[in-house]
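Shown next, in structure tokens, is the structure this report addresses.
Here, each number is a calculation from the coordinates, and none is a lab measurement. Not measured: the values here are computed from a predicted model. A quick note on method: Cβ atoms are made from the backbone with ideal geometry, for glycine too, and the neighbour counts reach across all protein chains shown.
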Amino acid sequence: MQNSKVKKVVSIVLNTLVWAFLVFAILVTITTFATKNTKDGVPEIFGKSIVSIQSDSMKSDNKESFKRGDLIIIEKITATEALELKEGTIITYRAPIDINKDGETGDINTHRIVSVRVDDGGIVWFTTKGDNPQTNPNEDNYELRYTDVIGVYNGNKLAGIGGVLDFLRSST
């Protein structure tokens, strides 16, 4: 009697894990196809995108903290909407420098806006900074044009899931 109960519990647990993996695989497939249809290369579903965090630059004690390996959800915005962004907003953007040292600029990064500047031509520029005081004691050494902004962090994250998504997206 006890043996059959154990087998039944194990069967339920295994079935649940298989279904959870299947749902996750379907979501990854959908986001992979959605990526090919966006001009910025960031997956989008219903105006929201998931971004895998690649460093600890935003790890801190505040409630909006996230770290390497987390998945965050951003709200995609247009260039016109980016003109309205204020200091303190966490944004995801294409960096004008080579952050990951692969020889190409335009890496995706997520930091907080610390200043907004409008130049003589009316172009809006942002200066950003990571929240982690150990790895980011100073502002980033570049300015972003408002057109570089992809989206705004909406406060939702999935801790530790980004590494799994990165692996599933890799050629491995």
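Between the alpha-carbon centers of the stretch 1-31 and the stretch 64-119, tell me the distance in whole angstrom.
Centre-to-centre distance over Cα atoms comes out at 37 Å.
Kindly express, to the nearest 10 degrees and within the range 0 to 90, the angle between helix 2-36's C-alpha long axis and the longest C-alpha principal axis of the chain.
30
Where does the chain land at 222 nm, in deg cm²/dmol rounded to the nearest 500, when only DSSP H runs of n ≥ 4 count, each adding -39500 (n - 2.57), divided by all residues?
Roughly -9000 deg cm²/dmol at 222 nm, from the helical runs in the chain.
Quick one: if you stick a label point 7 Å off each Cα along the C-beta vector at ASP119 and ASN138, how many nm between them?
Roughly 2.1 nm, to one decimal.
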